[in-house]
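The values are calculated or read from the model by the stated rules, or taken from the named source; none is laboratory data. The structure presented is a predicted model; accordingly, all values stated were derived computationally and were not measured. Positions of Cβ are generated from backbone atoms using ideal geometry, with glycine treated the same way; all protein chains shown enter the neighbour counts. Please note that ligands, DNA and RNA were not included when accessible areas were found on the heavy atoms of the full protein model with its side chains. Shrake-Rupley method; radii C 1.70, N 1.55, O 1.52, S 1.80 Å.
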Amino acid sequence: MEKPVEKPARRRIIWVNVMTVLSAAILIGAEVFGAAFAGGWAIGNLFDLGPTGDLVLRALLFVLGMVVMVAFIRNARRVEPFTQR
């Protein structure tokens, strides 16, 4: 006798939570990347790093901003889950 095949539980997307996290990520991302750009420019000029030093510093701060945004979205998904069973 064969066992019936069990279908996996379907997950539903909770669009309200997705839109909330996406909206917050856009707002916070604009602030983080704006601060990274402005901070790189200001620190580069303060220490007279030149055009190349400015660019490198802005790139490093941009990468730091990416790390901050990934951490934000990962934590936001715990608070506002994107799917439910």
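Using the empirical formula 2.2 N^0.38 Å as the baseline, the Cα radius of gyration of the chain reaches a ratio of 1.77.
In sequence order, region 66-81 has phi-based couplings of 4, 4, 4, 5, 4, 4, 4, 5, 4, 5, 5, 5, 6, 6, 10, x Hz under the Karplus curve 6.51 cos²θ - 1.76 cosθ + 1.60, θ = phi - 60°, and Gly or Pro positions carry x. Accessible surface of region 1-62, 1.4 Å probe: 71 percent of it comes from carbon and sulfur atoms. Heavy-atom accessible surface of Thr52, to the nearest 10 Å², is about 100 Å², with a 1.4 Å probe and all protein chains retained.
Below 8 Å, C-alpha to C-alpha, sequence gap of six or more: please give me the relative contact order for the chain in percent. RCO, the chain: 51 percent. Annotation for region 1-51: chymotrypsin sites (Phe, Trp or Tyr not before Pro) lying in DSSP loop with at most 15 further Cβ atoms inside 10 Å of their Cβ are Phe47. Solvent-accessible area per residue in the chain equals 83 Å², computed with a 1.4 angstrom probe and all protein chains kept. Ranked from largest to smallest solvent-accessible area, with a 1.4 Å probe on the protein heavy atoms, Glu80, Glu6 come out as Glu6, Glu80.
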